[in-house]
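Below is one structure, written out as C-alpha coordinates, with a few remarks after it.
The values are calculated or read from the model by the stated rules, or taken from the named source; none is laboratory data. Bear in mind the structure is a predicted one, so any value in this text is a computation, not a measurement. Virtual Cβ from ideal backbone geometry, glycine too; neighbours counted across all protein chains shown. Accessible surface is based on the protein model in full, side chains and every heavy atom, while ligands, DNA and RNA are left aside. Shrake-Rupley method; radii C 1.70, N 1.55, O 1.52, S 1.80 Å.
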Amino acid sequence: MATLGVNIDHVATVRQARRTVEPDPVWAAALAELGGADAITVHLREDRRHIQDRDLEVLRQTVQVKLNLECAISPAMIDIACRVKPCQVTLVPEKREEVTTEGGLDVVTHRDATAEAVRRLRAAGIAVSLFIDPCPKQIDTSVDLAAAAVELHTGCYANATNEGDRHDELVKLARAGAMARQAGLELNAGHGLTYRNVVPVARIEGMGELNIGHSIVARAVFVGLAQAVREMRALIS
Ligand code: PXP
(Lines give C-alpha, C1' and ligand atoms only; values in the text may rest on other atoms or scores of the structure.)
Protein backbone atom coordinates (compact mmCIF):
# COMPACT_ATOMS: atom_id res chain seq x y z
CA MET A 1 0.00 0.00 0.00
CA ALA A 2 1.28 3.46 -0.89
CA THR A 3 2.33 5.79 1.92
CA LEU A 4 2.15 9.57 2.16
CA GLY A 5 5.06 11.97 2.46
CA VAL A 6 3.76 15.48 3.09
CA ASN A 7 5.93 18.22 1.61
CA ILE A 8 5.67 21.30 3.87
CA ASP A 9 7.84 23.69 1.83
CA HIS A 10 4.85 25.88 0.97
CA VAL A 11 4.24 26.65 4.63
CA ALA A 12 7.76 28.06 4.77
CA THR A 13 7.09 29.95 1.52
CA VAL A 14 4.27 31.87 3.22
CA ARG A 15 6.52 32.66 6.18
CA GLN A 16 9.36 33.83 3.94
CA ALA A 17 6.98 36.16 2.07
CA ARG A 18 7.20 38.37 5.18
CA ARG A 19 10.52 37.10 6.56
CA THR A 20 8.77 36.52 9.89
CA VAL A 21 8.37 33.50 12.19
CA GLU A 22 4.93 32.31 11.12
CA PRO A 23 3.56 30.03 9.87
CA ASP A 24 6.20 27.68 11.23
CA PRO A 25 6.87 24.55 9.14
CA VAL A 26 7.68 22.77 12.41
CA TRP A 27 4.05 23.21 13.47
CA ALA A 28 3.00 22.04 10.03
CA ALA A 29 5.00 18.85 10.42
CA ALA A 30 3.34 18.12 13.76
CA LEU A 31 -0.15 18.67 12.30
CA ALA A 32 0.68 16.56 9.24
CA GLU A 33 1.73 13.75 11.57
CA LEU A 34 -1.54 14.10 13.48
CA GLY A 35 -3.36 13.81 10.16
CA GLY A 36 -1.59 10.53 9.39
CA ALA A 37 1.48 11.51 7.33
CA ASP A 38 3.93 8.63 7.00
CA ALA A 39 6.78 10.99 6.19
CA ILE A 40 7.60 14.69 6.25
CA THR A 41 9.43 16.03 3.21
CA VAL A 42 11.35 19.29 2.96
CA HIS A 43 13.51 20.69 0.18
CA LEU A 44 16.45 22.75 1.41
CA ARG A 45 17.13 24.82 -1.68
CA GLU A 46 20.46 26.46 -2.35
CA ASP A 47 18.76 29.89 -2.44
CA ARG A 48 16.88 29.13 0.85
CA ARG A 49 13.68 30.48 -0.70
CA HIS A 50 11.47 28.54 1.73
CA ILE A 51 12.95 25.97 4.13
CA GLN A 52 15.80 27.40 6.25
CA ASP A 53 18.70 25.58 7.91
CA ARG A 54 17.02 26.14 11.28
CA ASP A 55 13.87 24.36 10.08
CA LEU A 56 15.82 21.30 9.07
CA GLU A 57 17.69 21.19 12.40
CA VAL A 58 14.48 21.50 14.46
CA LEU A 59 12.55 19.05 12.27
CA ARG A 60 15.32 16.51 12.68
CA GLN A 61 14.71 16.66 16.43
CA THR A 62 10.92 16.83 16.41
CA VAL A 63 9.61 14.76 13.49
CA GLN A 64 8.61 11.33 14.73
CA VAL A 65 7.85 9.76 11.34
CA LYS A 66 10.32 9.45 8.47
CA LEU A 67 12.09 12.72 7.57
CA ASN A 68 12.87 12.96 3.86
CA LEU A 69 15.24 15.74 2.79
CA GLU A 70 15.23 16.78 -0.86
CA CYS A 71 18.41 18.46 -1.98
CA ALA A 72 20.73 19.10 -4.91
CA ILE A 73 23.80 16.94 -5.53
CA SER A 74 26.21 19.80 -4.74
CA PRO A 75 28.97 19.00 -2.20
CA ALA A 76 27.73 21.82 0.10
CA MET A 77 24.23 20.29 0.28
CA ILE A 78 25.60 16.80 0.82
CA ASP A 79 27.73 18.18 3.70
CA ILE A 80 24.55 19.45 5.37
CA ALA A 81 22.66 16.20 4.75
CA CYS A 82 25.50 14.09 6.17
CA ARG A 83 25.62 16.27 9.29
CA VAL A 84 21.84 16.39 9.92
CA LYS A 85 21.28 12.74 8.96
CA PRO A 86 17.61 12.63 7.88
CA CYS A 87 16.14 9.13 7.38
CA GLN A 88 16.21 9.58 3.61
CA VAL A 89 17.70 12.04 1.14
CA THR A 90 16.03 12.49 -2.23
CA LEU A 91 18.45 13.94 -4.75
CA VAL A 92 16.78 16.45 -7.08
CA PRO A 93 17.90 18.78 -9.86
CA GLU A 94 17.93 22.45 -8.98
CA LYS A 95 17.87 25.62 -11.03
CA ARG A 96 17.60 28.99 -9.31
CA GLU A 97 15.17 30.46 -11.84
CA GLU A 98 12.59 27.63 -11.65
CA VAL A 99 9.32 28.04 -9.72
CA THR A 100 9.43 24.40 -8.61
CA THR A 101 11.49 21.33 -9.50
CA GLU A 102 11.15 20.89 -13.27
CA GLY A 103 11.92 17.39 -14.54
CA GLY A 104 13.85 14.66 -12.81
CA LEU A 105 17.55 14.60 -11.99
CA ASP A 106 19.34 13.39 -15.13
CA VAL A 107 21.50 10.73 -13.47
CA VAL A 108 22.84 9.62 -16.87
CA THR A 109 24.31 13.04 -17.72
CA HIS A 110 25.30 13.81 -14.11
CA ARG A 111 26.43 10.30 -13.35
CA ASP A 112 29.76 11.10 -11.67
CA ALA A 113 28.47 13.87 -9.42
CA THR A 114 25.42 11.77 -8.48
CA ALA A 115 27.61 8.75 -7.75
CA GLU A 116 29.77 10.80 -5.39
CA ALA A 117 26.69 12.20 -3.60
CA VAL A 118 25.18 8.72 -3.23
CA ARG A 119 28.49 7.31 -1.99
CA ARG A 120 28.82 9.98 0.71
CA LEU A 121 25.21 9.68 1.86
CA ARG A 122 25.38 5.89 2.03
CA ALA A 123 28.61 6.11 4.03
CA ALA A 124 26.72 8.36 6.48
CA GLY A 125 24.02 5.69 6.83
CA ILE A 126 21.34 7.64 4.93
CA ALA A 127 18.96 5.94 2.49
CA VAL A 128 19.12 7.60 -0.93
CA SER A 129 16.23 8.09 -3.34
CA LEU A 130 16.82 9.56 -6.81
CA PHE A 131 14.10 11.80 -8.27
CA ILE A 132 14.12 10.77 -11.93
CA ASP A 133 11.94 10.80 -15.02
CA PRO A 134 10.18 7.45 -15.65
CA CYS A 135 12.55 6.24 -18.34
CA PRO A 136 14.57 2.99 -18.55
CA LYS A 137 18.02 4.60 -18.88
CA GLN A 138 17.50 6.63 -15.72
CA ILE A 139 16.41 3.54 -13.82
CA ASP A 140 19.33 1.42 -15.06
CA THR A 141 21.76 4.10 -13.94
CA SER A 142 20.00 4.47 -10.56
CA VAL A 143 20.55 0.74 -10.02
CA ASP A 144 24.24 1.07 -10.99
CA LEU A 145 24.62 3.95 -8.55
CA ALA A 146 23.32 1.75 -5.68
CA ALA A 147 20.42 4.01 -4.74
CA ALA A 148 17.89 2.48 -2.34
CA ALA A 149 14.91 4.02 -4.12
CA VAL A 150 13.75 6.09 -7.04
CA GLU A 151 11.05 8.74 -6.93
CA LEU A 152 9.38 8.84 -10.32
CA HIS A 153 8.56 12.35 -11.53
CA THR A 154 4.81 12.46 -12.07
CA GLY A 155 4.75 15.97 -13.57
CA CYS A 156 3.97 14.88 -17.16
CA TYR A 157 1.12 12.69 -15.89
CA ALA A 158 -0.22 15.54 -13.75
CA ASN A 159 0.06 18.09 -16.56
CA ALA A 160 -1.56 15.93 -19.26
CA THR A 161 -4.49 17.81 -20.72
CA ASN A 162 -6.53 14.91 -22.09
CA GLU A 163 -7.40 11.36 -21.06
CA GLY A 164 -5.29 9.74 -23.81
CA ASP A 165 -2.11 11.56 -22.80
CA ARG A 166 -2.81 10.97 -19.12
CA HIS A 167 -3.22 7.25 -19.79
CA ASP A 168 0.04 7.12 -21.78
CA GLU A 169 1.91 8.86 -18.97
CA LEU A 170 0.41 6.47 -16.42
CA VAL A 171 1.57 3.49 -18.50
CA LYS A 172 5.09 4.99 -18.59
CA LEU A 173 5.03 5.36 -14.80
CA ALA A 174 3.76 1.80 -14.31
CA ARG A 175 6.41 0.34 -16.65
CA ALA A 176 9.20 2.31 -15.03
CA GLY A 177 7.87 1.31 -11.61
CA ALA A 178 7.88 -2.38 -12.52
CA MET A 179 11.42 -2.09 -13.85
CA ALA A 180 12.60 -0.36 -10.66
CA ARG A 181 10.93 -2.94 -8.40
CA GLN A 182 12.37 -5.84 -10.41
CA ALA A 183 15.82 -4.33 -9.97
CA GLY A 184 15.29 -4.24 -6.21
CA LEU A 185 14.68 -0.49 -5.85
CA GLU A 186 11.99 0.96 -3.62
CA LEU A 187 9.42 2.86 -5.62
CA ASN A 188 8.34 6.40 -4.75
CA ALA A 189 6.61 9.04 -6.87
CA GLY A 190 5.64 12.67 -6.73
CA HIS A 191 5.16 16.11 -8.22
CA GLY A 192 1.87 17.65 -9.25
CA LEU A 193 -0.23 14.98 -7.55
CA THR A 194 -3.65 16.18 -6.36
CA TYR A 195 -6.82 14.83 -4.75
CA ARG A 196 -8.18 14.36 -8.28
CA ASN A 197 -5.29 12.56 -9.96
CA VAL A 198 -3.54 10.63 -7.19
CA VAL A 199 -5.51 7.37 -7.10
CA PRO A 200 -4.22 5.73 -10.34
CA VAL A 201 -0.63 6.48 -9.27
CA ALA A 202 -1.23 5.09 -5.77
CA ARG A 203 -2.54 1.90 -7.41
CA ILE A 204 0.65 1.22 -9.40
CA GLU A 205 2.00 -2.16 -8.33
CA GLY A 206 4.63 -1.84 -5.61
CA MET A 207 4.10 1.89 -5.08
CA GLY A 208 5.71 3.15 -1.87
CA GLU A 209 5.92 6.79 -0.83
CA LEU A 210 3.98 9.51 -2.63
CA ASN A 211 5.41 12.94 -1.91
CA ILE A 212 2.74 15.61 -2.15
CA GLY A 213 2.96 19.28 -1.25
CA HIS A 214 1.09 21.94 -3.18
CA SER A 215 -2.32 20.28 -3.33
CA ILE A 216 -2.36 19.41 0.38
CA VAL A 217 -1.23 22.85 1.54
CA ALA A 218 -3.72 24.51 -0.83
CA ARG A 219 -6.57 22.48 0.68
CA ALA A 220 -5.24 23.12 4.18
CA VAL A 221 -5.94 26.84 3.77
CA PHE A 222 -9.64 25.97 3.80
CA VAL A 223 -9.98 22.80 5.88
CA GLY A 224 -6.87 22.83 8.08
CA LEU A 225 -3.69 20.83 7.57
CA ALA A 226 -4.49 17.75 9.66
CA GLN A 227 -7.82 17.35 7.82
CA ALA A 228 -6.22 17.88 4.40
CA VAL A 229 -3.63 15.20 5.19
CA ARG A 230 -6.33 12.82 6.49
CA GLU A 231 -8.28 13.20 3.24
CA MET A 232 -5.21 12.52 1.07
CA ARG A 233 -4.15 9.60 3.26
CA ALA A 234 -7.61 8.06 2.89
CA LEU A 235 -7.47 8.43 -0.90
CA ILE A 236 -4.10 6.78 -1.41
CA SER A 237 -4.83 3.85 0.84
N1 PXP B 1 8.77 15.35 -5.02
C2 PXP B 1 9.80 16.16 -5.35
C3 PXP B 1 11.13 15.53 -5.60
C4 PXP B 1 9.64 17.55 -5.43
O5 PXP B 1 10.69 18.33 -5.76
C6 PXP B 1 8.38 18.10 -5.13
C7 PXP B 1 8.21 19.59 -5.19
O8 PXP B 1 8.97 20.19 -4.20
C9 PXP B 1 7.34 17.24 -4.77
C10 PXP B 1 7.55 15.86 -4.75
C11 PXP B 1 5.98 17.75 -4.42
O12 PXP B 1 5.39 18.34 -5.53
P13 PXP B 1 3.99 19.08 -5.39
O14 PXP B 1 4.22 20.28 -4.52
O15 PXP B 1 3.63 19.42 -6.79
O16 PXP B 1 3.04 18.10 -4.74
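Points worth noting:
- In region 65-100, residue surrounded by the fewest Cβ atoms within 10 Å (Cβ to Cβ) [restricted to those that are charged (D, E, K, R) and part of a loop (DSSP other than H, G, I, E, B)]: 97
- Count of region 157-194 residues, restricted to those that are without any contact (Cβ under 8 Å) to a residue 40 or more places away in the chain, in a loop (DSSP other than H, G, I, E, B) and within 17 Å of residue 207 (Cα to Cα), is 3.
- When the criteria are applied in full, residue 88 fails the requirement of being over 24 Å from residue 9 (Cα atoms), within 14 Å of the ligand (Cβ to nearest atom) and modelled with pLDDT of 95 or more.
- Residue that is nearest to residue 126 (Cα to Cα) [pool: residues in region 149-168 that are within 19 Å of the chain's Cα centre (by Cα) and open to solvent by 40 Å² or more (accessible area, probe 1.4 Å)]: 156
- Residues that are outside any helix (DSSP H, G or I), within 15 Å of the ligand (Cβ to nearest atom) and either in contact with a helix residue (DSSP H, G or I) (Cβ under 7 Å, 6 or more places away or on another chain) or among the acidic types (Asp, Glu) (or both), drawn from region 106-154: 106, 107, 128, 130, 132, 133, 134, 147, 150, 151, 152, 154
- Looking across region 130-147, the residues that are open to solvent by 30 Å² or more (accessible area, probe 1.4 Å) and more than 26 Å from residue 214 (Cβ to Cβ) come down to 136, 137, 140, 143, 144, 146.
- Filter result for the condition that a residue is touching a strand residue (DSSP E or B) at 6+ places or on another chain (Cβ under 9 Å), surrounded by fewer than 23 Cβ atoms within 10 Å (Cβ to Cβ), within 21 Å of residue 89 (Cα to Cα) and not basic (Lys, Arg), over 127, 117, 123: 127
- Which listed residue, of 35, 103, is surrounded by 14 or more Cβ atoms within 10 Å (Cβ to Cβ), on the phi > 0 side of the Ramachandran plot and either within 13 Å of the ligand (Cβ to nearest atom) or of a type outside the set (A, V, I, L, M) (or both): 103
- Cross-chain or 6+ apart pairs with Cβ under 8 Å, region 5-16 first and without any contact (Cβ under 8 Å) to a residue 40 or more places away in the chain, then open to solvent by less than 30 Å² (accessible area, probe 1.4 Å) and more than 12 Å from the ligand (Cβ to nearest atom): 15/24; 15/25
- Yes/no for residue 49 being closer than 23 Å to residue 189 by Cα, of a type in the set (D, E, K, R) and at pLDDT 95 or above: no
- Note on region 177-206: residues that are open to solvent by less than 10 Å² (accessible area, probe 1.4 Å) and among the hydrophobic types (A, V, I, L, M, F, W, C) total 7.
- Yes/no for residue 201 being within 13 Å of the ligand (Cβ to nearest atom) and either of a type outside the set (Ser, Thr, Tyr) or on the phi > 0 side of the Ramachandran plot (or both): yes
- If you check 192, 224 for being more than 16 Å from the ligand (Cβ to nearest atom) and more than 17 Å from residue 137 (Cα to Cα), only one passes: 224.
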